[in-house]
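Have a look at the structure below before the remarks.
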Amino acid sequence: MAYEVIIIGAGVTGLFTAKYLVDRGVDKILILEEKYPGAGGSFRCATGIRASFTSREHIKVMLRSIELWPKLSSELGIKYSRDGYLWLLSREKDVEAFEKIVRFQNELGVPTKVITPEEVRELAPTINIENIKAGVYDPLAGKASCFDAVVNTLVYLKKRGVRVEKGVRALRIAYGNGTYRVYTTKGVFESEKLLISAGEGSRDLARTIGVELPIRNLPKHALVTEAFRQVLKPLVIDWASSSYIVQLFNGNFYIGADIPEEYDREARCRQEFLRKAAKVWTSYFPWLREVHVLRYWTGYYDMTPDHHPIVGPVEGFDGLYIAAGFSGHGFMMSPAVGEALASYITTGRPTLPEFENLSPGRFRRGELIKEIAVFG
């Protein structure tokens, strides 16, 4: 059986793309997943959603995503709340830099603002503000349940006849006579159009058809604590240490902290992460010393040289599309990316002009985009 579209990767990007394709009337869709839906970055992410970036492309894409998240929440039953992001600045040089960044964001429609330490404490009442010079608050930002996003979308797709194959590893891709053939551990599948959205594995898979993607996998670390009553609404970022904390919908605290890592090395649990995460966040929230850690896991940011995703059609391959290299921001922008890919696949055009700047060909043309607001 030949499909209209094959999607490799059942993370939120692949699932939302399938959802928007179904809504556009595409009914022969196959999703291939090596492990299980959400097994990659989707189930390891911090759930945050923001448009407070430093490039026009990121901001415009995320503003569209923020428009879509409430609609998906209502339609699919995904828990979503707009509780904001709170950036903590403990160095004068960072305050000066973020004053300029906030002006840029405001010009593009993101209502961020620089706030005083006292205003920081109003947003996070139990925080120690002794070393805080200023904060930046993004009231448009929020969070969504990654589990709801994957599971509920999967249910939606299966009810509409989308075939999802779990435990199937894509080995290589071939193209000829207008047809893509995906060779897998469970046979060969054919389609007119093909989307590679396999997270950290996208680079090696694309290489089998002769497409080079400048993606490098950077190990990342996160932990989750036992659950408590809600005491912290915004996702909080300590910019100086590249660390963050967010209280999830069920009351658990999810914490990430950046530690030195090497690209493309195996992601392993390291005591250095636990020490840094504990040191940073107990200094701001001393009561965290009494909170138990339940789990600690690792994953990857699939990084590009300019910290922007690769989204769109591949030049020289009619019907081949890439959605990878999200550099830690894939979950938050997945609704806008899925919508854009569905539009690319059915009409040849994206939903926003900014997506054209995120195409795979930008690296060959030397048209990289700068982004500095990457952390964790």
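The values are calculated or read from the model by the stated rules, or taken from the named source; none is laboratory data. Bear in mind that the values here come from a model prediction, so they are computed numbers and not experimental data. Here the Cβ is made from the backbone with ideal geometry for all residues, glycine too, and neighbour counts use every protein chain on show. Accessible surface is based on the protein model in full, side chains and every heavy atom, while ligands, DNA and RNA are left aside. Shrake-Rupley method; radii C 1.70, N 1.55, O 1.52, S 1.80 Å.
Here are some notes:
- Between Ser327, Ser191, Ser283, the GNM of the chain built on Cα springs shorter than 10 angstrom shows Ser283 fluctuating the most.
- Inter-part distance where segment 257-272 and segment 183-250 are each reduced to a Cα centre, Å: 15 Å
- Legend: distances between Cα atoms for Lys100/Lys193; Lys35/Lys193; Lys60/Lys166; pairs beyond 32 Å are Lys100/Lys193; Lys60/Lys166.
- Listed residues Pro350, Ser81, Ala18: farthest to the positive end of the dipole of the chain (Cβ charges): Ala18
- Each stretch of four or more DSSP H residues adds -39500 (n - 2.57); spread over every residue of the chain, this sum gives -9500 deg cm²/dmol at 222 nm.
- Sites listed here are GluC sites (Glu not before Pro) in segment 241-313 whose DSSP assignment is loop and whose Cβ has at most 13 other Cβ atoms within 10 Å: Glu262, Glu266.
- In the context of the full set of protein chains, residues of the chain present 42 Å² of accessible surface per residue (probe radius 1.4 Å, heavy atoms only).
- Between the alpha-carbon centres of segment 1-79 and segment 111-175 there is a gap of 12 Å.
- Here the Gaussian network model covers the chain, with springs between Cα atoms less than 10 Å apart; of Ile245, Ile196, Ile115, Ile115 fluctuates the most.
- Within the listed set Ala51, Ala240, Ala324, the Gaussian network model of the chain (springs between alpha-carbon atoms below 10 Å) gives the highest mean-square fluctuation for Ala240.
- Taking every alpha-carbon pair under 8 Å whose residues sit at least 6 apart, the chain reaches a relative contact order of 24 percent.
- Dividing the mean sequence gap of close Cα pairs (under 8 Å, 6+ apart) by how many residues segment 207-364 holds gives a relative contact order of 23 percent.
- Sparse-neighbour loop sites [GluC sites (Glu not before Pro); segment 152-237; at most 13 other C-beta within 10 Å; DSSP]: Glu212
- Remark: for residue pairs Lys28/Lys220; Lys71/Lys158; Lys186/Lys220; Lys93/Lys143; Lys220/Lys279; Lys71/Lys370, the C-alpha separation exceeds 26 Å in Lys28/Lys220; Lys186/Lys220; Lys93/Lys143; Lys71/Lys370.
- When the solvent-accessible area of the chain is split by element, carbon and sulfur atoms take up 48 percent of it, the probe being 1.4 Å.
- Antiparallel beta bridges, as assigned by DSSP with both residues in the chain, represent about 70 percent of the total such bridges.
- The mean sequence separation of alpha-carbon pairs under 8 Å and at least six residues apart, normalised by the residue count of segment 155-291, gives a relative contact order of 15 percent.
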